[in-house]
Amino acid sequence: MPVNVPNFITICRILLVPVTIWLIINHAYGLAFAAFAIAGLSDAVDGLIARRFRLQTELGAYLDAIADKALLVSIFVSLGILAELPSWLVILVATRDILIVGAVVLAWLLGKPMEMRPSLLSKINTTGQIMLAVTVLAALAFDWQLGHLLVAGEAGVAALTFASGALYMRDWVKHMSTTDVGKQQ
């Protein structure tokens, strides 16, 4: 199956991840902010093209999720290493995503694959994480002082990340606890 235009755009977004991280760790915050903005725009564009021209594919859904998580978690980790975000928040964000991916893989390995559909809470969480990342990058790029706004953003993201992770884990346990009709354990 050849790669279609939306998938190509998503692959380019994945390739933008190491560039963005390199820019952050080299304190080129203005360029890192621009790269993150381009990644966000490309995410919207690839989705629009895929829906408009009915080019949605299973590969595209996986690539899109990989691109989103790779960029967001990498930015959080980079900002955490530079002490621009607290390490406890970076650990929480990364751990949530690792647990979710691990749970999905484990379910698949155990013959109980799960269809992963982001909940409304998960979408709100991702939006909050994006807003915090873009705000911190903008503050670094444009020398803004965030003060209490940063503390509030961190607390909000922490609460959303914890709650959405707990919801995913609850759903996973429920899924793994069910038995298929006609099968005996």
Checklist entry - To the nearest 0.05, what FRET efficiency results for residue 112 and residue 31 with a Förster distance of 35 Å applied to their C-beta separation? => result 0.20
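Helix-only estimate, please: 222 nm mean residue ellipticity of the chain, summing -39500 (n - 2.57) across DSSP H runs of length 4 or more and dividing by its residues, to the nearest 500. Write down the numbers at each step before the final one.
Working: 6 runs with 145 residues, N = 185.
Taken over the chain, the calculation gives -27500 deg cm²/dmol.
Could you give the accessible area per residue of the range 3-150, probe 1.4 Å, as a whole number in Å²? List each step's numbers first, then the result.
Values: 8530 Å² over 148 residues.
Per residue, the range 3-150 has an accessible area of 58 Å².
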Checklist outcome for this item: Rounded to a whole %, the carbon-and-sulfur portion of the accessible area of the chain at a 1.4 Å probe is 71
Checklist entry - Using 7 Å Cα-to-Cβ label points, what is the residue 11/residue 56 separation (nm, one decimal)? => result 2.2
Next on the checklist: Full-extension gain between residue 48 and residue 176, please, as 0.36 nm times their residue separation minus the C-alpha to C-alpha distance.
Outcome noted: 42.6 nm
Next on the checklist: Between (1) 79, 39, 27; (2) 51, 35, 31; (3) 63, 39, 24, which entry matches Cα extents along the principal axes in Å as derived from the coordinates of this structure?
Outcome noted: (3)
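Sort 72-83, 42-53, 92-103 for me by packing, meaning the mean count of neighbouring Cβ atoms within 10 Å per residue, highest on top.
Numbers: 72-83: 18.6, 42-53: 14.9, 92-103: 16.7.
Put in order of decreasing packing, that is 72-83, 92-103, 42-53.
The values are calculated or read from the model by the stated rules, or taken from the named source; none is laboratory data. The structure displayed is predicted, hence computed values, not measured ones. No Cβ is skipped: glycine too gets one built from the backbone with ideal geometry, and neighbour counts run over all protein chains shown. What goes into the accessible areas is simple: the full protein's heavy atoms, side chains included, and nothing from ligands, DNA or RNA. Shrake-Rupley method; radii C 1.70, N 1.55, O 1.52, S 1.80 Å.
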